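The values are calculated or read from the model by the stated rules, or taken from the named source; none is laboratory data. Please read all numbers here as calculations on a predicted model, not as lab measurements. Neighbour counts run over all protein chains shown; Cβ positions are idealised from the backbone, glycine included.
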Amino acid sequence: MALRTIITPPDPRLRLVCAPVERVDDSIRALMDDMLETMYDAPGIGLAAIQIAVQKRVIVLDVAKRQDDAASAAPICLANPEILWASDELSVYEEGCLSIPEFYEDVQRPARVRVGYLDREGRRQEIEADDILATCLQHEIDHLNGVLFIDHISRLKRDRIFKKFSKAARHEGSDRKLSVGRERARADAEA
Ligand code: GNR
Ligand code: NI
């Protein structure tokens, strides 16, 4: 198992449509294990493969685990998840995303969903969910289609959040240039 880096905007990979898994084999199971480790470490209650820059239709969730309590863990791993049915009834949840750290906004979605998927052994399964699990399943399946929770909020708020990340990325870029500049100056001084 390995901890992986979670990507953030403006990384364009968060907008990719992910490819279906052809067969749930050991490499997919290893990916699921890395995703669970990364999700628990963050900590978060769900993770889509594209968040660790893997363009595959794989998600993991655990809405049960309490912090530092391994016994309460109830991980679910899903390949090729598909919403088979969604309730007309809607519910609102305050969502966050590990790829958009420190932003939380109310999002309205169907209150209940039925999702078909392949489990860790490649067997076809269905899960019916309500409450936070229904929200989280829809949030993760959105990621597989390049959709982020901020796409469900007002354009003004979305643009504001994206600008913050673009600005932060530019600053990191110039910091990096600065440190390269300093290293070059040091090398010149030593020469
Ligand atoms: O950890 C997470 N919490 C969360 C809270 C409300 C609605 C959705 C989520 S999913 C999020 C982890 C994540 O970014 N998954 O893609
Ligand atoms: Ni997310």
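Of all residues in region 36-59, those that are within 12 Å of ligand 2 (Cβ to nearest atom) and within 25 Å of GLU126 (Cβ to Cβ) total 10.
Could you list all residues from region 72-91 that are of a type in the set (D, E, K, R) and either buried (at least 16 other Cβ atoms within 10 Å of the Cβ) or under 18 Å from ILE132 (Cβ atoms) (or both)? GLU89 - this is the single residue of region 72-91 that is of a type in the set (D, E, K, R) and either buried (at least 16 other Cβ atoms within 10 Å of the Cβ) or under 18 Å from ILE132 (Cβ atoms) (or both).
Of the strands (runs of 3 or more DSSP E) lying entirely inside region 92-163, the ones with 1 or more residues being buried (at least 17 other Cβ atoms within 10 Å of the Cβ) and either basic (Lys, Arg) or within 9 Å of ligand 1 (Cβ to nearest atom) (or both) are found at 105-110. Filtering region 9-20 to residues that are touching a strand residue (DSSP E or B) at 6+ places or on another chain (Cβ under 7 Å) and either surrounded by fewer than 19 Cβ atoms within 10 Å (Cβ to Cβ) or free of Cβ contacts under 8 Å to residues at least 24 places away in the same chain (or both) leaves ALA19, PRO20. For beta carbons closer than 7 Å, sequence separation of 6+ or different chains, a first residue in region 145-156 that is among the β-branched types (Val, Ile, Thr) and a second that is assigned to a helix (DSSP H, G or I) and surrounded by 15 or more Cβ atoms within 10 Å (Cβ to Cβ), the qualifying pairs are ILE150/ARG158; ILE150/ILE161. How do the pairs read when you match residues in region 119-136 that are within 16 Å of ligand 2 (Cβ to nearest atom) with residues anywhere that are modelled with pLDDT of 95 or more and aromatic (Phe, Trp, Tyr), using Cβ under 7 Å and keeping only pairs 6 or more apart or on different chains? That search, which allows pairs on different chains as well, returns ILE132/TYR93; THR135/TYR93.
The lone criterion from (1) more than 13 Å from the chain's Cα centre (by Cα); (2) farther than 23 Å from TYR93 by Cα left unmet by ILE76 is number (2).
Listed conditions (1) closer than 21 Å to ILE28 by Cβ; (2) at pLDDT 95 or above; (3) in a loop (DSSP other than H, G, I, E, B) are all met by ALA74, apart from (2).
Per-residue answers, yes or no, for (1) assigned to a helix (DSSP H, G or I); (2) touching a residue at least 24 places away in the same chain (Cβ under 8 Å); (3) among the hydrophobic types (A, V, I, L, M, F, W, C):
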site	(1), (2), (3)
ARG29	yes, yes, no
TYR40	yes, yes, no
ILE50	yes, yes, yes
PRO81	no, yes, no
LEU84	no, yes, yes
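Taking region 18-63 as the range and being touching a Pro at 6+ places or on another chain (Cβ under 9 Å) and over 20 Å from PHE149 (Cβ atoms) as the test, the residues that pass are MET32, LEU36, TYR40, LYS56.
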